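Please treat every number below as a calculation from the coordinates, not as lab data. Quick caveat: nothing in here was measured; it's all calculated off a predicted structure. Cβ placement follows ideal geometry from the backbone for every residue including glycine, while neighbour counts extend to all protein chains displayed.
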Amino acid sequence: MVATLLGILAQIEQAPFVRPAIDWHAVAPELVLLAGGALVTVFDLIFMERGRKYIPTLTGLTFLAALVPVLTLWDNGIARSLFDGAYITDRYALVLKALFLLSGYVIVLMSTNYMAEGDYYDSEYYQLISASILGMLVMASSRDLIGIFVALELISIPAYLMAAWRKRDLKSNEAGLKYMLMGVFASAIMLYGMSLLYGLTGDTKLRSISSAIADQGTTPIITMAIIFVIIGFGFKVSAVPFHTWAPDTYEGAPTPLTAFLAVASKAAGFVALMNVVLYAFEFQPEIAEPFIWLLSAATMTVGNLIAIRQTNVVRLLAYSGVAQAGYMLAPLAVYEVNGIEASASAVVTYLVIYAAMNLGAFAVIMAAARRTRSGEIDSYRGMLNWAPGLTVLMTIFLFSLAGIPPFGGWFAKFEVFRVLLTGNTFSGVSLAVIAAVNSVVAAFYYLNIMKNMWFMDAPEGTDQSKLKIPSPLVAALAITLIVTLVTGTVLAGPLRNATDFLAF
Amino acid sequence: MTEFFNDWGITALVFLPLVGALLMMLVPAKDEELHKTIALGTTVITGVLGGFMLWDFWGMGKANWSTLQYVQDRTWIDVINARYFVGIDGISAPLIALTLLVVPLVLIYSWNHIPNPGNAKMFLILILVLHTGMLGSFVAQDLVLFFVFFEVVLLPMYFMIGVWGGEQRLYAAIKFFLFTLFGSALMLVSFLALYWVTGGTTFSIPGLADQVAAGDIALGTQVAIFGGMFLGFGIKVPMFPFHTWLPDAHTQAPTQGSVILAAVLLKLGTYGFVRIAIPILPEAAVEWAPWIGLLAVIGIIYGALGCLAQTDMKRLIAFSSVAHMGYVMLGIATLTPFGINAAIFGMVAHGLITGMLFFIAGSVKDRFHTLEIKRLGGLLVQAPKMGWILGFCTMASLGLPGLAGFWGEFPAILAAYSPAEGISTTLFRVYMVIAALGTVLAAGYLLWLLQRTAFGTPSEEFADDPEIVDMHASEWIAWLPLLVLIVFFGFLPGIIFDLTDGTVVDRLGSLVAEGSP
């Protein structure tokens, strides 16, 4: 062992370090975000209290600025490969980067008033969000085990801190601690799987791993490696049975952060899972597919069944998010017959639409909480009277989550069903049937929220005056609403085309 | 003008109400008058535009009615070949006209009849959204597009029942929603299955019909796919035994909701059979026809018996809908041009007549605050004009010759005498006899209803009630067009039959070629 290490060291000493060529355009989004994050930190150090109120705007602008190179890269259209294929910026990565940046922007909008009014450390919060989003940008491009792991930790560690941001609240402490312990545990399992893969192949690049294990079949060691890696990501995307942290963390964390975890962080987990499964395990479907099939079926069923019993709207959305993760896993269970592109584009389509509708629902919850000061579904009674606009918005987001046209969600589900049914395989059809039954179950608890908002009278003593919603929250609602509406109607086609560029 | 109709006509028609709804969202809720004006104005503009288009369509002459006109066929979701494909032909024209007429009338009626708990803004916005959904369903020629519009209709109705409905509104609303959702989920599965068995190249209705006709899809597969559509459309119609949501929804819905539900929404189900299920899968339709016919006649008798047992006026009218839609379905089940023409006429007639009956029920409820038949009575004494209108509508509903109702029922019964080739004639003649007996029951329950509510002397509790007055101006304006049309189509049924006949023959395709002349 020691001898080998010394050998490697000796090799390193012999070869002089040559910086690999870097395509600066390809990493421009990350660099802009990095610079912006640093700028926010410095700005805060110089101006201290006086500058606080500008921090959210500045962070938001940083995200939008980082979107500019994403657009120029998209327009350019060339797939760029860095570091010998370990870091790739193609259209698939760009769609995801745009998704992360826009989600980040919406989350900043949602946080603005929450953080300013809540007596928290607010500028640090925005720096951590920037760091986490930076991790996601890196994740979208990483095609290498080390890159993926570093990105994942860069996403997660700030999130552990932010989950416990309401530090005088026991529930928030519980949220942060639970999330961290579970996250670290998951990382450990995943790392073990990755080390096995490295040991088997002597390489960390996904494509090299794929070709190295392509003809090795299903030896126990490969099976173990694949299963461990998938379990690790299963924690991140809160797949059943690794979902137990999610409801407690979601309930205890500050609400904007909950939205962040439920949407951006989950999407990043999916990207990582997708990259590893589709790139590295492309030729091992006999192990990965049945395992993901089980995860998917269990995730949607258990998530939905528990969601029915929830009385707190944040917990309900947490479990519904678990169920939605089940739908998103489904296309990955049939990648062999359809080809990895079809599965990946269904997942990406779902991620985009899911981000819009779920962020929208959280924004409504935050706006409503300014009046109710509670997340109980009962407290939404009679909302039609004191916040008619909010009621309609929530209705749209919930119907979208339930998959009812013409809102975005139906198209997301439609794509999943299409991929599941195309190959006409038993596993695909059976999973589609399970998903269809689950959608009806899900409609029930979404309708339950709407019933309270529309049909029930407000309890005695509720303030019936119209609710005022701060302008950042209005902007967040407007963005998510527009995306939810257009992805189900006029832009369904273009969205599908945009995710069709996934040339692996 | 024609150029505009060809390029933008249908799109403008379908989405104008939605534009009105968006406009209303910007106006504060306090300004109810303005909301009513915008809502009514939008539907009137839509109606006028639609009127010009249909007039233009009429002017094209018989030979062109069976081809889709004002077609727009644009890319929508490329990868799955779903397109924005809309058009009007002889089958959809009468139903579009019906929709364009009924919605403004409902809004006129709403002018001083906003149901509890108020909130005119939201109420009217929902009606406008509903308007877009209904028009869209009638013009869509692509299954995915049709599905989207078909579902759009579901949401506003759910809220109208749930918020502005009667005491049992929560139960009625959720029942309505879950029944319809269940049906449309299976319908969507059928659409997708159809897409794949035909090779996954198109969702367009004419395109799929051609592919099924040209291909060699196993009959069993076709029958199964038809079954999914049957559930989706049959629940919406509603056919026995899926009708149980209807009495609850109708009874609990506000007057406006009931009228739209009866006049237009139920037609989406029957329209689905005529437009989608039968033209695309004619062979499967032949297999299913005896069963559809059976359920239709059970519906006729069951609905009529149900009516006789009701104690609530609105519930009685709701059950009469089940019976009347039974005639429509019987006409469809014959799969002959004659029967389907009768069915389309029946849809329009039922829309006019039952819509009117629900209007009257709403106005009676406004005055008496109850619809319990045994507490009512003497309407002719207290509100003679309304009493006579009720009498007129019951006559129309029971199928009195000379009024529109007759031309919906009588030809449907007649058509059952000789169904299309491949369907047992004996069986359908039995159905014919049963359906004819149903008309006797219909006369029974409708006249009995009239007798108990309009005749006699007012009961003591309402005898001196100052709230019980005769017709309001808004009621006259809203009802008169319907009443006039009931008479008009009673005397000139040929207008609608002419309009639909060529299209029906064309769409039935192989069924006509093999069968009757």
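So which helices (runs of 4 or more DSSP H) are wholly in the range A:426-504 and hold at least 1 residues that are farther than 30 Å from B:Phe182 by Cβ, touching an Asp or Glu at 6+ places or on another chain (Cβ under 9 Å) and of a type outside the set (D, E, K, R)? Quick ask: steps written out before the conclusion?
Numbers: elements: A:426-450, A:471-488, A:492-498.
Ranges flagged: A:492-498.
Of (1) part of a loop (DSSP other than H, G, I, E, B); (2) touching a Phe, Trp or Tyr at 6+ places or on another chain (Cβ under 8 Å); (3) of a type in the set (A, V, I, L, M), B:Ala478 satisfies all except one. Which?
Of (1) part of a loop (DSSP other than H, G, I, E, B); (2) touching a Phe, Trp or Tyr at 6+ places or on another chain (Cβ under 8 Å); (3) of a type in the set (A, V, I, L, M), only one is false for B:Ala478: (1).
For A:Ala476, only one of the following conditions fails: (1) more than 14 Å from chain B (Cβ to nearest Cβ); (2) surrounded by fewer than 22 Cβ atoms within 10 Å (Cβ to Cβ). What is its number?
Condition not satisfied by A:Ala476: (2).
Could you list, in sequence order, the residues of the range A:92-124 that are over 18 Å from the mean Cα position of the chain (by Cα) and over 11 Å from A:Pro256 (Cα atoms)?
A:Ala116, A:Glu117, A:Gly118, A:Asp119, A:Tyr120, A:Tyr121, A:Asp122, A:Ser123, A:Glu124
Each row is one residue, and each column tells you yes or no for (1) surrounded by fewer than 24 Cβ atoms within 10 Å (Cβ to Cβ); (2) over 13 Å from the mean Cα position of the chain (by Cα); (3) farther than 17 Å from B:Ala97 by Cα.
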site	(1), (2), (3)
B:His324	no, no, yes
B:Val328	no, no, yes
B:Thr334	no, yes, yes
B:Ala343	no, no, no
B:Met347	no, no, no
B:Phe358	no, yes, yes
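Got a sec? Which helices (runs of 4 or more DSSP H) wholly within the range B:230-327 have at least 3 residues that are hydrophobic (A, V, I, L, M, F, W, C)? Steps first, please.
Numbers: elements: B:245-252, B:255-260, B:266-272, B:282-309.
Fully inside the range B:230-327 and qualifying: B:245-252, B:282-309.
Enumerate the helices (runs of 4 or more DSSP H) found wholly within the range B:9-105, keeping only those where 2 or more residues are in contact (Cβ under 8 Å) with a residue 40 or more places away in the chain and surrounded by 15 or more Cβ atoms within 10 Å (Cβ to Cβ). Spell out the reasoning first.
Values: elements: B:10-26, B:32-59, B:62-65.
Once the helices (runs of 4 or more DSSP H) in the range B:9-105 are filtered for at least 2 residues that are in contact (Cβ under 8 Å) with a residue 40 or more places away in the chain and surrounded by 15 or more Cβ atoms within 10 Å (Cβ to Cβ), what remains is B:10-26, B:32-59.
Within the range A:382-425, which residues are more than 10 Å from chain B (Cβ to nearest Cβ) and free of Cβ contacts under 8 Å to residues at least 60 places away in the same chain?
Result: A:Met394, A:Leu398.
Scan the range B:441-460 and give yes if some residue there is within 30 Å of B:Trp288 (Cα to Cα), under 21 Å from the mean Cα position of the chain (by Cα) and touching a residue at least 12 places away in the same chain (Cβ under 8 Å), otherwise no.
Within the range B:441-460 (the criterion being within 30 Å of B:Trp288 (Cα to Cα), under 21 Å from the mean Cα position of the chain (by Cα) and touching a residue at least 12 places away in the same chain (Cβ under 8 Å)), the answer is yes, since at least one residue qualifies.
State all residues of the range B:117-171 that are charged (D, E, K, R) and at the interface with chain A (Cβ under 10 Å from one of its Cβ atoms); if no residue qualifies, say none.
B:Lys121, B:Glu151, B:Arg169
Give, as residue ranges, the helices (runs of 4 or more DSSP H) completely inside the range A:298-373 that count at least 2 residues that are of a type in the set (Gly, Ala, Ser) and surrounded by 23 or more Cβ atoms within 10 Å (Cβ to Cβ).
Details: elements: A:313-329, A:335-338, A:340-372.
Passing ranges, in order: A:313-329, A:340-372.
Would you confirm whether any residue within the range B:500-507 is exposed (fewer than 15 other Cβ atoms within 10 Å of the Cβ), of a type outside the set (Asp, Glu) and out of contact with any His (no Cβ under 6 Å at 6 or more places or on another chain)?
The initial filter retains those residues of the range B:500-507 that are exposed (fewer than 15 other Cβ atoms within 10 Å of the Cβ), namely none.
No - not one qualifying residue is present in the range B:500-507.
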